[in-house]
Structure formats: structure tokens, C-alpha cells
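Worksheet for the structure shown next.
The values are calculated or read from the model by the stated rules, or taken from the named source; none is laboratory data. Keep in mind that what you see is a predicted model, and the values were worked out from it rather than measured. Cβ placement follows ideal geometry from the backbone for every residue including glycine, while neighbour counts extend to all protein chains displayed. We work out accessible area using only protein heavy atoms, side chains counted, and drop any ligands, DNA or RNA first. Shrake-Rupley method; radii C 1.70, N 1.55, O 1.52, S 1.80 Å.
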Amino acid sequence: MPRIGNVEIESPFLLAPLAGVSDSPFRQLAREQGAAGVYTEMVSADGLVRGQKATFDYIQFEPHERPIGIQIFGSDPAIMADAARVLNDLPVERRPDLIDINMGCPVRKVVSRCAGAALLQDVPLIERIVRG
């Protein structure tokens, strides 16, 4: 069975994070229709680190949605690392199975912060974020 880290994935189909779409009912429908795993909407690393309620609302999920991932966006290596720690320090029942870094979002408000797709223009910054 394929794996991502220690998470077994039953098929090659995962629901990617979709801003304004990937809420819990949609994720549950995706699982019912064969998605082997789902993602919440992408969330701001800054919002996680600052403890913003709206950011934490986005990452809520039901146990039967597992395996579930949370995708974070940002460009500051220290904040990205802190955001990953925030997610890893959640109680087990609220902790995601997967965490990944958004490097594809082309939305202006994300790219203007040197995050999302803008990260692809700065490979050394990507390395610093991943090494976090």
C-alpha cells in the first residue's frame, strides 16, 4: 500500500485543499466517493502561530475524515516551523495526519507575501523553510 511518511494511502486519489470549498461536508463527500485522504483549506502559518480563531476553525475535522492533511502557507522559515509545531502539538484527536507547504497558490494576496507559487522563485528560501 502506498505511504506518505507513516500514513497509508489506499489509492492515489487525494482531495487537494480548495479555498472556500474544502469544508467538512465536502471532504466527507470526497471520502465517500473514493478519495483516500483529504485536506482542509490551506491556512496561514501566521494565523496558526498567532492563535487566530478563524484559522483554527478552518482546520477542524471529524474523525472519519482521516487521513487528513493541513496545508500551510507562508514565507518566513521560523514562522512556518512554529506553525508546524503548533499543528503537531494539538491533542491527538485534533492533530492532522499530514502537513504540507503550499507552493502553488497563484492568488495575489498569497503571492504578494512571497508565499504560495512565489516560493518557487526562491529555492534557497524553500530549503530554509523545509529545514525549519
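Do you know which residues across segment 114-132 are touching a residue at least 40 places away in the same chain (Cβ under 8 Å) and either in contact with a Ser or Thr (Cβ under 6 Å, 6 or more places away or on another chain) or within 26 Å of residue 67 (Cα to Cα) (or both)? Within segment 114-132, 115, 116, 129, 131, 132 meet the criteria. Residues in segment 1-37 that are among the charged types (D, E, K, R), surrounded by 12 or more Cβ atoms within 10 Å (Cβ to Cβ) and over 15 Å from the mean Cα position of the chain (by Cα): 8, 10, 31. Within segment 105-119, the presence of at least one residue that is closer than 22 Å to residue 30 by Cα and in contact with a helix residue (DSSP H, G or I) (Cβ under 9 Å, 6 or more places away or on another chain) is confirmed. Under the condition of being aliphatic (A, V, I, L, M), open to solvent by 20 Å² or more (accessible area, probe 1.4 Å) and within 16 Å of residue 96 (Cβ to Cβ), the residues counted in segment 50-68 number 0. Quick check on residue 98: is it open to solvent by less than 30 Å² (accessible area, probe 1.4 Å) and in contact with a helix residue (DSSP H, G or I) (Cβ under 9 Å, 6 or more places away or on another chain)? Against the criterion (open to solvent by less than 30 Å² (accessible area, probe 1.4 Å) and in contact with a helix residue (DSSP H, G or I) (Cβ under 9 Å, 6 or more places away or on another chain)), residue 98 does not qualify. Tallying residues that are out of contact with any Ser or Thr (no Cβ under 9 Å at 6 or more places or on another chain), touching a residue at least 12 places away in the same chain (Cβ under 8 Å) and not aliphatic (A, V, I, L, M) within segment 90-113 yields 7. Screening residue 42 against (1) open to solvent by 60 Å² or more (accessible area, probe 1.4 Å); (2) on the phi < 0 side of the Ramachandran plot; (3) touching a residue at least 40 places away in the same chain (Cβ under 8 Å); (4) not β-branched (Val, Ile, Thr) leaves a single unmet condition, (1).
Could you tell me whether any residue of segment 72-89 is in contact with a strand residue (DSSP E or B) (Cβ under 8 Å, 6 or more places away or on another chain), loosely packed, with under 15 Cβ neighbours inside 10 Å, among the polar types (S, T, N, Q) and without any contact (Cβ under 8 Å) to a residue 12 or more places away in the chain? Yes.
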